[in-house]
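Single-structure report; data block below.
The values are calculated or read from the model by the stated rules, or taken from the named source; none is laboratory data. Every value quoted in this text rests on a predicted model; they were computed, and no experiment measured them. Positions of Cβ are generated from backbone atoms using ideal geometry, with glycine treated the same way; all protein chains shown enter the neighbour counts. Surface areas here come from the heavy atoms of the whole protein model, side chains and all, with no ligands, DNA or RNA. Shrake-Rupley method; radii C 1.70, N 1.55, O 1.52, S 1.80 Å.
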Amino acid sequence: MTAPIGKAAIMALIPHAGAMCLLDSVYQWDSLSITCVTSSHRDANNPLASGGRLDSLCGIEYAAQAMAIHGGLTSGRRSEAGYLASVRGVVCTTGRLDQLRGDLEVTGTLLAADTTGAIYDFRLRSGEKTILSGRAAVVLDDSRLSRAAPRI
C-alpha cells in the first residue's frame with residue numbers, strides 16, 4: 001500500500017471512536033506489517049492521560065490500535081472486537097509520551113495469526129528513538145465461537 005490512510009478511514013476499520021481513536025494516519029502497510037503516525041500523545045485531552053500525564057505504557061494501546069487497523073486492512077472489513085491477552089518483552093525507554101515533541105511512529109509486525117487472534121511485535125518511535133517495544137497477543141471476540149462449541 002502506498003497512499004496514506006487518514007483518520008476517517010481508520011475509524012471505519014476499528015471499533016474505537018472519537019478521541020479514543022488515537023492514530024492519525026497509516027503511513028504504510030502490507031500483509032505482514034503496518035506503520036502508523038500520530039500526534040495525539042501531545043493532546044491535553046488525550047483520553048488515556050491522567051492528571052495531565054500520559055504514561056509511556058499507554059503506548060501499548062497505540063500499538064493495539066495499529067494491530068486492529070492492520071487486521072481490518074488485510075481482511076478488507078472492519079476489525080472484530082478483541083482484547084489483549086498478553087503483552088511480553090516490553091521495553092520502555094522513557095516515562096511519558098506527552099513530553100515527546102515529535103510525532104509517534106507506531107509499527108506492528110504480524111508474527112502469527114488464525115481465526116481466533118494474532119501475535120504481533122510492536123514498536124513506538126519518536127524521531128530516531130525507540131520509546132516502547134514488545135510483543136502482544138490479541139484474542140478476537142469469541143462470542144461467535146461460543147455458538148459453535150460449548151464453553152467448559
Mind checking the stretch 63-98 for trypsin sites (Lys or Arg not before Pro) that DSSP puts in a loop (not H, G, I, E or B) and that have at most 12 other Cβ atoms within 10 Å? Arg77
Note the angle between two axes, namely the Cα long axis of helix 59-75 and the longest principal axis of the Cα atoms of the chain, as a number of degrees from 0 to 90, rounded to the nearest 10. 50 degrees
Pick from Leu48, Leu73, Leu124: which is most flexible by mean-square fluctuation in a GNM of the chain where alpha carbon atoms under 10 Å apart are linked? Leu48
Protein accessible area in the chain, 1.4 Å probe - carbon and sulfur %: 54 percent
Take the Cβ-Cβ distance between Glu128 and Ser75 as r, set R0 to 30 Å, and report the resulting FRET efficiency rounded to the nearest 0.05. 0.35
Using a Förster distance of 30 angstrom, determine the FRET efficiency expected from the C-beta separation of Thr93 and Val139, and round it to 0.05. 0.60
If you bin the C-alpha pair distances of the chain every 5 Å from 0, what whole percents do you get? 2, 10, 19, 23, 21, 14, 7, 3, 2, 0, 0
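Using the heavy atoms of the protein chains and a 1.4 angstrom probe, tell me the accessible area per residue for the chain in square angstrom.
Values: 8130 Å² over 152 residues.
Value for the chain: 53 Å² per residue.
Might you report the magnitude of the Cβ-based charge dipole of the stretch 31-94 about its Cα centre, with Lys and Arg at +1 and Asp and Glu at -1, to the nearest 20 debye? Each step should come with its number before you reach the end.
Numbers: 5 positive and 4 negative charges, 17 e Å.
Roughly 80 debye for the stretch 31-94.
State the extension gain, in nm to one decimal, for the chain segment bounded by Asp30 and Leu111, taking 0.36 nm per residue of separation less the distance between their alpha-carbons.
Values: separation 81, 0.36 × 81 = 29.16 nm, distance 1.32 nm.
Between Asp30 and Leu111, full extension yields an extra 27.8 nm.
Assign unit charges at the C-beta atoms only (+1 for Lys and Arg, -1 for Asp and Glu), then state the dipole size of the stretch 5-128 relative to its Cα centre in Debye, rounded to the nearest 20.
On the way: 10 positive and 12 negative charges, 30 e Å.
Magnitude of the dipole: close to 140 debye.
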